[in-house]
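The values are calculated or read from the model by the stated rules, or taken from the named source; none is laboratory data. This structure is a prediction, so every number in the text was calculated from the model and none was measured. A quick note on method: Cβ atoms are made from the backbone with ideal geometry, for glycine too, and the neighbour counts reach across all protein chains shown.
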Amino acid sequence: MQNQFDILPISQWLPASAIPLVISGPCSAENHGQVLSTARQLARIPQVKVFRSGIWKPRTRPSRFEGVGIEGLKWLREVKAETGLLTTVEVAKASHIEDALKYGIDILWIGARTVVNPFSVQELAEVLKGVDIPVMVKNPLNPDVKLWLGALERLNSSGISKLIAVHRGFYYYKHSIYRNQPMWEIPIDLQRQVPGLPIICDPSHICGRRDLIQGVSQKALDLGMAGLMIESHIDPDVALTDAEQQVTPDVLAGIISNLIVRMPSGDKEFETHLEQLRREIDKMDAELIDILSRRMKIVEEIGQYKRHNNITILQIRRWSEIIHDRLNLGDKVGLHKDFLLRLLQLVHKESIRKQEEIMGLPDEEENEG
Ligand code: PEP
Ligand code: MN
């Protein structure tokens with residue numbers, strides 16, 4: 001299903017040279033010197049068009065640095081006047097929006113911790129009624145595309161049509177090299193549901209460390225994202241927040257120049273070849289769906305049989321054999337083991353759900369919040 005949105009493409013409200021959009025600046029504004037000197041260096045990188053800075057910082061614990069507040073808005077006003085960079089800050093309360101507008105901030109962003117709370121997002125959307133300002137919406141902390149979509153819908157319903165979604169990764173309970181797991185399938189799903197919506201990537205908060213930023217930025221562009229938001233600091237090691245993930249403007253310039261910006265499509269011959277390959281994929285997907293449906297019908301038969309004979313749904317020995325056998329098969333034809341395992345688990349989960357349905361058990365997946 002596609003959702004009804006009224007979104008203005010960024011090409012209509014930003015200069016063409018600003019695409020792909022690169023936003024950079026410190027995690028937090030700390031003092032006048034740090035803000036101005038970072039901005040001056042960033043302004044020398046032609047691709048950087050927007051200066052970001054946290055003024056009010058959402059911190060896990062209250063004893064930590066919580067941002068400089070309104071004082072920082074004055075520094076951002078100076079940045080804009082001196083460098084010509086547009087400015088953006090995170091807003092989490094109605095009063096933040098009022099202050100940001102008072103100081104001429106160009107773009108607002110709503111952070112991951114705010115997007116999880118529909119009450120807060122609605123409050124911000126109310127204040128923005130009748131205000132013509134672009135708003136960037138970060139994904140919520142938890143991997144829930146509906147919550148992200150809901151926040152965008154609330155703002156769009158308030159008349160905000162200059163919208164950008166920011167992919168900053170998701171909380172994940174398992175350890176990983178990333179601070180926040182990218183779960184690329186979620187922004188891709190958002191793009192499918194809201195086709196005209198620009199999505200940019202925030203590799204800094206995904207990675208949590210400098211050395212991974214280049215790779216994640218490239219991947220974001222390869223997936224067709226419209227830009228990047230990367231944190232930078234004049235002296236990252238002494239930054240008051242997110243020190244490990246901030247880079248100097250010089251390092252940022254290197255990251256940008258190493259990026260390969262590919263085109264969304266190629267010439268006629270390329271398109272024709274691509275079209276042929278896509279048609280083959282379409283056919284195979286139809287076969288795959290047919291096979292899955294036939295497999296499920298057999299599962300149904302098994303379920304009926306088990307019900308009549310009063311036998312448990314899950315038979316762990318059988319399941320272990322399936323995994324072992326299928327992973328061996330997959331290995332022979334070069335399928336990635338993790339991929340196949342996840343696919344088998346998904347198919348198995350659905351088989352169990354079907355059999356539970358047959359046994360008359362409640363559906364655990366029904367609750368959609
Ligand atoms: C930030 O951009 O500094 C920030 C706090 O991000 P997020 O809301 O994605 O954690
Ligand atoms: Mn940060």
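Looking at (1) more than 16 Å from ligand 2 (Cβ to nearest atom); (2) buried (at least 19 other Cβ atoms within 10 Å of the Cβ); (3) not β-branched (V, I, T), can you tell me which one M229 breaks?
So M229 meets the others, but not (1).
Which residues, taken from the stretch 3-31, are within 18 Å of M229 (Cα to Cα) and within 16 Å of ligand 1 (Cβ to nearest atom)?
Passing the criteria: L21, V22, I23, S24, G25, P26, C27, S28, A29.
Could you please tell me which pairs satisfy a Cβ distance under 7 Å, a separation of 6+ or placement on different chains, a first residue in the stretch 247-260 that is over 17 Å from D211 (Cβ atoms), and a second residue that is outside any helix (DSSP H, G or I) and not aromatic (F, W, Y)?
Listed pairs, sorted by first residue: P249/I45; P249/S232.
Given the options V166, V115, V131, V137, name the one that is farther than 21 Å from V216 by Cα, among the aliphatic types (A, V, I, L, M) and crowded, with 21+ Cβ neighbours inside 10 Å.
Result: V115 is the single residue among V166, V115, V131, V137 that is farther than 21 Å from V216 by Cα, among the aliphatic types (A, V, I, L, M) and crowded, with 21+ Cβ neighbours inside 10 Å.
Select from the stretch 206-231 the residues that are touching an Asp or Glu at 6+ places or on another chain (Cβ under 8 Å) and not acidic (D, E) and list them in ascending order.
The answer is G208, R209, R210, L228, M229, I230.
Could you grab me the full set of residues in the stretch 23-48 that are buried (at least 21 other Cβ atoms within 10 Å of the Cβ) and over 20 Å from V91 (Cα atoms)?
Residues satisfying the conditions are T38, A39, L42, V48.
Within the set of pairs 6 or more residues apart or between chains, which connect a residue that is closer than 14 Å to I199 by Cα and touching a residue at least 12 places away in the same chain (Cβ under 8 Å) inside the stretch 2-27 to a residue that is within 16 Å of ligand 1 (Cβ to nearest atom) and among the polar types (S, T, N, Q) with Cβ atoms less than 8 Å apart?
Once the first residue is closer than 14 Å to I199 by Cα and touching a residue at least 12 places away in the same chain (Cβ under 8 Å) and sits in the stretch 2-27, its partners that are within 16 Å of ligand 1 (Cβ to nearest atom) and among the polar types (S, T, N, Q) give I23/T88.
How many of the residues in the stretch 157-214 are under 20 Å from V116 (Cα atoms), charged (D, E, K, R) and in contact with a helix residue (DSSP H, G or I) (Cβ under 6 Å, 6 or more places away or on another chain)?
2
Can we say V216 is among the β-branched types (V, I, T) and more than 16 Å from ligand 1 (Cβ to nearest atom)?
When the stated conditions are applied, V216 does not pass them.
Quick check, is Q181 within 16 Å of ligand 1 (Cβ to nearest atom), modelled with pLDDT of 95 or more and in the same structural domain as T88 (by TED's automatic domain parsing)?
Judged against the criteria, Q181 is a match.
Of the conditions (1) β-branched (V, I, T); (2) under 20 Å from the mean Cα position of the chain (by Cα); (3) within 16 Å of ligand 2 (Cβ to nearest atom), I55 satisfies every one except a single condition; which number is it?
Result: I55 passes all but (2).
For the stretch 199-216, which residues satisfy the criterion of being more than 13 Å from V22 (Cβ to Cβ) and either surrounded by fewer than 18 Cβ atoms within 10 Å (Cβ to Cβ) or more than 11 Å from the chain's Cα centre (by Cα) (or both)?
Residues satisfying the conditions are C207, G208, R209, R210, D211, L212, Q214, G215, V216.
Okay, residues lined up against (1) away from ligand 1 (no atom under 12 Å from the Cβ); (2) touching a strand residue (DSSP E or B) at 6+ places or on another chain (Cβ under 7 Å); (3) hydroxyl-bearing (S, T, Y):
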site: P203; (1), (2), (3): no, yes, no
site: G208; (1), (2), (3): no, no, no
site: L223; (1), (2), (3): yes, no, no
site: H233; (1), (2), (3): no, no, no
site: T248; (1), (2), (3): yes, yes, yes
site: G254; (1), (2), (3): yes, no, no
site: V261; (1), (2), (3): yes, no, no
